[in-house]
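First up is the structure itself, then whatever we jot down about it.
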Amino acid sequence: MSVDDLVEGVLNRRRRDLARLISLIEDEESSALDVLSRLYKHTGRAHIVGVTGPPGSGKSSLVTRLTAEFRSREKTIGVVCVDPSSPFTGGALLGDRIRMQEHSLDDEVFVRSMGTRGHLGGLARATSDAVRAIDAFGKDIIFVETVGAGQSEVEVIDIAHTVVVTDVPGSGDDIQAIKAGIMEIADIFVVNKKDLPGAEKKATEITTMLDLDTRERTWRPPVLLTNSRSGEGIPELADTILKHHQHLVDSGEMKKRGLQKSKDELRELMKFKLTQELLQKLQGRPEYEKAIERIASREEDPYSVAERLIAEFLFKESR
Ligand SMILES: Nc1nc2c(ncn2[C@@H]2O[C@H](COP(=O)(O)OP(=O)(O)OP(=O)(O)O)[C@@H](O)[C@H]2O)c(=O)[nH]1
Ligand SMILES: [Mg+2]
């Protein structure tokens, strides 16, 4: 399929073409970049909502409920599930698929799981491109679900305008997990499984933690209680998500973040491109292999070699 056809397919909202494009992104096919570059001016419209939190806290159930809630408000929905911590693509993701199937007959909902294969450019990069493809396709709200545990999840969630952090009653370990960086990125806290004992207590704990945070801010993350089995608290959560979006727009934060993200992205892409180009030129060159040996045997240091190779092969050769 040609780049032209794929661009046209996505813009004409052909689901199969969107799925195809995301597969190309996952496989790191260079044609994906050609398509994305042509789609770029059609993006930036979707509200991207990250949902992160401990395993089993009900992220998928919440997203499924929120999808139904927003569909009833005439919003179209995209969902991307990412599981960077798990080397398996079976279990959890399969379960998510089955649960999301209640929406699969709805043409206005597009669901996609991101596997862990490939991703030289990083899972965050691939996810961001997949979300961008769905944005160009025209979905109003795009959920990105990822297990909250470490750095890579924080990177994945970085593309979200609104970050919902989920937690459940019980185990104090969750607070530990939240403290380890997740807390900082939360725009909305959700204590899910409010039907279980200790939900109110957990909400109070989070509120206390927020009270201790003295950073200056214009948005204090609300703490909401939900039951994603019964649907209790879901309309309020949907309202809060929209309210946060409005806050970003009204406060100018949206524009500011847009500029920062563009800057970061451009830098990342240039870094990637430059590295790729340089390594391509060096590949199989005896000077390159020799330099590596000389560094290993301490005849040369890596700092000077890096500088020399860059000067010789990237700048001199390309002139
Ligand atoms: N009692 C109760 N159970 C819930 C609630 N929400 C979700 N669950 C159950 O919790 C389990 C995990 O829910 P998921 O939605 O798969 O959680 P998740 O955070 O997406 O899980 P991973 O993607 O595997 O990290 C399922 O058995 C749900 O039925 C709730 O509000 N109350
Ligand atoms: Mg899940």
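Find all pairs meeting these conditions: Cβ atoms under 6 angstrom apart; at least six residues apart or on different chains; first residue within the stretch 125-140 and assigned to a helix (DSSP H, G or I); second residue among the small types (Gly, Ala, Ser).
Matching pairs, first to second residue: ILE134/GLY78; ASP135/ALA46.
Identify, please: which residue in the stretch 32-49 is over 17 Å from the mean Cα position of the chain (by Cα) and open to solvent by less than 40 Å² (accessible area, probe 1.4 Å) and is, among those, nearest to GLY122 (Cα to Cα)?
This residue is ALA32.
Which pairs have Cβ atoms under 7 Å, sit 6 or more apart or on different chains, and link a residue in the stretch 213-226 that is at negative phi to one that is open to solvent by 80 Å² or more (accessible area, probe 1.4 Å)?
Short answer, once both residue conditions are applied: LEU224/GLU236; THR226/GLU232.
Yes/no matrix, rows are residues, columns are (1) farther than 30 Å from ASP158 by Cβ; (2) among the β-branched types (Val, Ile, Thr); (3) surrounded by 13 or more Cβ atoms within 10 Å (Cβ to Cβ); (4) outside the structural domain of ASP158 (by TED's automatic domain parsing):
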residue: LEU269; (1), (2), (3), (4): no, no, yes, yes
residue: LYS273; (1), (2), (3), (4): no, no, no, yes
residue: GLN276; (1), (2), (3), (4): no, no, no, yes
residue: GLN280; (1), (2), (3), (4): no, no, no, yes
residue: GLY284; (1), (2), (3), (4): yes, no, no, yes
residue: ARG294; (1), (2), (3), (4): yes, no, yes, yes
residue: SER297; (1), (2), (3), (4): yes, no, no, yes
residue: GLU307; (1), (2), (3), (4): yes, no, no, yes
residue: ILE310; (1), (2), (3), (4): no, yes, yes, yes
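The values are calculated or read from the model by the stated rules, or taken from the named source; none is laboratory data. Please read all numbers here as calculations on a predicted model, not as lab measurements. No Cβ is skipped: glycine too gets one built from the backbone with ideal geometry, and neighbour counts run over all protein chains shown. To get the accessible areas, we keep the full protein, side chains included, count just its heavy atoms, and leave off ligands, DNA and RNA. Shrake-Rupley method; radii C 1.70, N 1.55, O 1.52, S 1.80 Å.
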